[in-house]
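A quick write-up on the structure given underneath.
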Amino acid sequence: MAKRWDLRHLDVCSVDPIGCKDIDDALHCITLPNGNYEVGVHIADVTHFVKAGAEIDREAARRCTTVYMVDRRTDMLPCLLTETLCSLVSDIDRMAFSVIWEIDSKTLQKISTRFGKSCIRSRAALNYYKA
């Protein structure tokens, strides 16, 4: 935690299809005191559990992506990681990689960008209809 941004105070939420178990991204948007917007995207940080060059990392690199078929899927990483340890479920502290932009509220132009490892606590895991 010492090397991560503590973003657990933010109202972060995810938006995924109904029944999604591997919630790998979430977002937040707030109005800053200067009137601009802060928009953040938070991606589950698998590197917290999978070290570069480890066998599981090499296998994930060989697979390259999760393949979705009509009746099944072939995961890039084990479900223990994607659905349990890393999934950005509600009300649980999770390690993430975050990108945060400040956006001018009048021109909608990007003013600044920062990115880094973080700890978030999602407030809600929304589906498309609830969002």
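The values are calculated or read from the model by the stated rules, or taken from the named source; none is laboratory data. Every value quoted in this text rests on a predicted model; they were computed, and no experiment measured them. Neighbour counts are summed over all protein chains in view; Cβ atoms, including those assigned to glycine, are modelled from backbone coordinates with ideal geometry.
If you filter the range 33-68 down to residues that are surrounded by 12 or more Cβ atoms within 10 Å (Cβ to Cβ) and among the aliphatic types (A, V, I, L, M), you find that the one that is nearest to residue 110 (Cα to Cα) is 39.
Would you point out the residue of the range 6-32, among those that are of a type in the set (Val, Ile, Thr) and within 17 Å of residue 101 (Cβ to Cβ), that is surrounded by the most Cβ atoms within 10 Å (Cβ to Cβ)?
As a first pass, look at the range 6-32 and keep what is of a type in the set (Val, Ile, Thr): 12, 15, 18, 23, 30-31.
This time we only want the ones that are within 17 Å of residue 101 (Cβ to Cβ), so: 12, 30-31.
On the way: 12: 25, 30: 11, 31: 10.
It comes out as 12.
The conditions of being in contact (Cβ under 8 Å) with a residue 24 or more places away in the chain, closer than 30 Å to residue 34 by Cα and assigned to a loop (DSSP other than H, G, I, E, B) are not met by residue 124.
Please state which one of 40, 116 is within 23 Å of residue 130 (Cα to Cα) and in the same structural domain as residue 131 (by TED's automatic domain parsing). Outline the logic, then answer.
Values: 116 fails: within 23 Å of residue 130 (Cα to Cα).
Exactly one of 40, 116 is within 23 Å of residue 130 (Cα to Cα) and in the same structural domain as residue 131 (by TED's automatic domain parsing), namely 40.
Taking the condition assigned by TED's automatic domain parsing to the domain that holds residue 1 and touching an Asp or Glu at 6+ places or on another chain (Cβ under 6 Å), does residue 108 pass? No: the conditions fail for residue 108.
Okay, residues lined up against (1) at pLDDT below 95; (2) under 28 Å from residue 130 (Cβ atoms); (3) in contact with a Cys (Cβ under 6 Å, 6 or more places away or on another chain); (4) β-branched (Val, Ile, Thr):
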| residue | (1), (2), (3), (4) |
| --- | --- |
| 7 | no, yes, no, no |
| 28 | no, yes, no, no |
| 34 | no, no, no, no |
| 81 | yes, yes, no, no |
| 91 | no, yes, no, no |
| 110 | no, no, no, no |
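Select from the range 97-131 the residues that are aliphatic (A, V, I, L, M) and within 22 Å of residue 16 (Cβ to Cβ) and write down the one among them that is surrounded by the most Cβ atoms within 10 Å (Cβ to Cβ). Among those residues, the one meeting the criterion is 120.
Number of residues in the range 56-80 that are touching a strand residue (DSSP E or B) at 6+ places or on another chain (Cβ under 9 Å) and of a type in the set (A, V, I, L, M) equals 2.
Using the structure shown, decide if residue 77 is assigned by TED's automatic domain parsing to the domain that holds residue 131, free of Cβ contacts under 8 Å to residues at least 60 places away in the same chain and under 17 Å from the mean Cα position of the chain (by Cα). Can you show your working first?
On the way: assigned by TED's automatic domain parsing to the domain that holds residue 131: no; free of Cβ contacts under 8 Å to residues at least 60 places away in the same chain: yes; under 17 Å from the mean Cα position of the chain (by Cα): yes.
When the stated conditions are applied, residue 77 does not pass them.
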